[in-house]
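Here the structure comes first, spelled out in structure tokens, and everything after it is commentary.
Values quoted throughout were computed directly from the atomic coordinates according to the rules given, and no laboratory measurement underlies them. Everything numeric here is computed off the predicted structure, so don't read it as measured data. Cβ: placed from backbone, ideal geometry, glycine included. Neighbour counts: every protein chain shown.
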Amino acid sequence: MNNGITLTNTSDIFTLWMNISKSNAINNCFLDEFTSCLRNIPSESPLIIAGNGQFFSSGLDLIFCESLNVDQFEIFIRNFQNLLLSLIKRNGPVISIINGHTVAGGFLLSCSTDFRFGDLGNYKLGMNEKQLGISLPPVPQAILFDIFGDHIDAILDVDEFYSPKTISQLNYFCKISNQPMTDAIECINTISKDNVFLENKKKRYESISEFLNKNHEPMMQQFLDAWWSDEASQKRNEVLIKIGHNKIKT
């Protein structure tokens, strides 16, 4: 697989391959390449999103985020949210192939798709905002609530990530099998012209949009305040030290 985010097209099904770094960490380069690929895919065309085998995505690139000032970080987060919404808004089905660690912002990216398929590999899934001492931006909150509903605490209020087998039992988050790509293609062939699916997809976007119209700016400010708090900054520093990044802000 080539380095970067690349696009292939087989039998009118587009596959977006993420291999922009070992961990597919989300930064401006990631967003630019991902968005550029999406521009080349008709909205009604089926889309599969896959990682590099070791990572689907590790989420926001903390080293990159720590290099941003307050205004730059807000722009970055708004752009990330716009990417999530652009996937939800697509007319055609969008499916994630979870073929590696899928955590934090990477987990949110997978949640923005219509279906998720994975295998029983040795990887982790879930959120870590509790460990980082932050809240979530409004679009991620809306997306997670849409999928998990009353069970959302099982994602947001846990200290550990999930295994594929465990999370597959959580409100049908994903289907685990030995052939996730085959399952994804079969799913696309079944639902692409299914009026019930298409109507439910439209309703999902409308429901999320309604939630955001009421809550976006207050939740966004709450998230930004939490991100720049002393507690959250210290917890991010601890994470950066663990991953061997020596240039720590104080």
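Residues are listed down the side, and each one gets a yes or a no for (1) surrounded by 17 or more Cβ atoms within 10 Å (Cβ to Cβ); (2) more than 16 Å from the chain's Cα centre (by Cα); (3) not polar (S, T, N, Q):
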| position | (1), (2), (3) |
| --- | --- |
| Gly4 | no, yes, yes |
| Asp12 | no, yes, yes |
| Trp17 | yes, no, yes |
| Ser23 | yes, no, no |
| Asn28 | no, no, no |
| Thr35 | no, no, no |
| Leu38 | yes, no, yes |
| Ile41 | yes, yes, yes |
| Leu47 | yes, no, yes |
Q: Output the residue which, of all residues in the stretch 137-160 that are surrounded by fewer than 19 Cβ atoms within 10 Å (Cβ to Cβ) and in a loop (DSSP other than H, G, I, E, B), is nearest to the chain's Cα centre (by Cα).
A: Ile152
Q. Scanning the stretch 66-86 for residues that are without any contact (Cβ under 8 Å) to a residue 40 or more places away in the chain and of a type in the set (A, V, I, L, M, F, W, C), which turns out farthest from Arg236 (Cα to Cα)?
A. Ile75
Q. Given the conditions (1) surrounded by fewer than 19 Cβ atoms within 10 Å (Cβ to Cβ); (2) closer than 27 Å to Glu206 by Cβ; (3) not aliphatic (A, V, I, L, M), and given that Ser96 satisfies all but one, which numbered condition is not satisfied?
A. (1)
Q | Residue ID - surrounded by the fewest Cβ atoms within 10 Å (Cβ to Cβ), chosen from residues in the stretch 112-136 that are of a type outside the set (Lys, Arg) and assigned to a helix (DSSP H, G or I) | A | Gln131
Q: Pick out the one residue from Asn215, Asn189 that is loosely packed, with under 14 Cβ neighbours inside 10 Å and part of a helix (DSSP H, G or I).
A: Asn189
(Q) Is it the case, given these coordinates, that Gln54 is surrounded by fewer than 21 Cβ atoms within 10 Å (Cβ to Cβ) and closer than 16 Å to Ser21 by Cα? (A) yes
